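What follows is a set of notes on a single structure, which appears directly below.
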Amino acid sequence: MLKETARQNNWRQIVARPNFIIGASKGNFMSLATSIALYAQAKKALGEKLTFPGNAVSYELPYAHSIAGQNAKAQIFLATSDRAKGPYNMQSEEEVKWSDLWPQIAE
């Protein structure tokens, strides 16, 4: 039924794949920032130091991330533009390393 409706209405499928999402999104707790904040609060409640939860290799790897607001703008474009064809990988141009970011978070 869905395939037939899509054919009749000339719908197309576009896949948008964000990387790690950083930023707040009302009612959505899938942001990496929210996960880190919850982890930090748990460590604080336990009286423990905020340590990086990964291994030494992942601490030094560059990561590409997505920003919630940029994802939203991209998805609106993809949903409303006749020029959009997918799939799309959405990420910020800036790569970050946990070794640069984590000390700032822990502080």
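The values are calculated or read from the model by the stated rules, or taken from the named source; none is laboratory data. Just so we're clear, the structure is a prediction, and the values are computed from it rather than from any experiment. Quick reminder, even Gly has a Cβ in these numbers, built from the backbone with ideal geometry, and neighbours come from all protein chains shown.
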Can you run down the residue pairs with Cβ atoms below 8 Å, 6 or more apart or on separate chains, where the first is in segment 60-85 and surrounded by 14 or more Cβ atoms within 10 Å (Cβ to Cβ) and the partner is part of a helix (DSSP H, G or I) and at pLDDT below 80? His65/Leu32
Would you please name the residue that is nearest to Met30 (Cα to Cα), looking only at residues in segment 55-107 that are in contact with a helix residue (DSSP H, G or I) (Cβ under 6 Å, 6 or more places away or on another chain) and not in a strand (DSSP E or B)? Trp98
Can you report the number of residues in segment 1-26 which are under 18 Å from the mean Cα position of the chain (by Cα), at pLDDT 75 or above and in a loop (DSSP other than H, G, I, E, B)? 2
Between a first residue in segment 1-30 that is at positive phi and a second residue that is among the small types (Gly, Ala, Ser) and modelled with pLDDT of 75 or more, which pairs have beta carbons less than 6 Å apart while being 6 or more apart in sequence or on different chains? Gly23/Ala68
Kindly indicate the residue of segment 39-57 that is free of Cβ contacts under 8 Å to residues at least 24 places away in the same chain and surrounded by 11 or more Cβ atoms within 10 Å (Cβ to Cβ) and also nearest to Gln70 (Cα to Cα) among those meeting that condition. Tyr39
